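Quick notes on the structure that follows.
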Amino acid sequence: MGLVDVVIIRQLSSQRLSGPVLARAKRQQSINISNIRPTNMLAAGALYGGTGYVIERFRGKNDIYNSVSAGFIAGSFFKRNAGPRAALSHGLVFAVFTSLNETFYPVYPYD
């Protein structure tokens, strides 16, 4: 457990927080770098690649929309337990990242 976690737990247990202070404490607690593990990254890559392949075969086209929609689905899948708002925002972040990646670094030409 990191120093930030200990401070947040002590703050939450010693006093009742409300409003922006509570939101900030929860946000700091949810942003934890130790949650990024190689197995999670491997699962994200596999889900993104598999979803992109299925969408490409289903649509019969090879364009940027396959990557963007696969990124949205993969991002939403990994935050599904945090609620619909977190899933939607994480899906949008993945979709924007994959669209930028495909725009500036295309792997192969589109049909």
*Phi-based couplings in Hz for the range 47-59 (Karplus 6.51, -1.76, 1.60; Gly and Pro marked x)*: 5, 5, x, x, 5, x, 5, 5, 5, 5, 5, 5, 7
*Please calculate how many Å² of accessible area the range 55-111 carries per residue, with a 1.4 Å probe and no DNA, RNA or ligand atoms counted.*
72 Å²
*asked:* At R0 = 30 Å, how high is the FRET efficiency between Arg57 and Ala82 if r is their beta carbon distance? Nearest 0.05 is fine.
replied: 0.50
*Taking amide H positions as placed 1.01 Å from N in the peptide plane, with prolines and chain starts having none, which residues 5 or more places from Asn62, or on another chain, fall under 5 Å of its amide H?*
Asp111
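The values are calculated or read from the model by the stated rules, or taken from the named source; none is laboratory data. Since the model is a prediction, treat every value here as computed from it, not as a measurement. Positions of Cβ are backbone-derived with ideal geometry, glycine not excepted, and every protein chain shown enters the neighbour counts. The accessibility values were calculated without ligands, DNA or RNA, using every heavy atom of the protein model including side chains. Shrake-Rupley method; radii C 1.70, N 1.55, O 1.52, S 1.80 Å.
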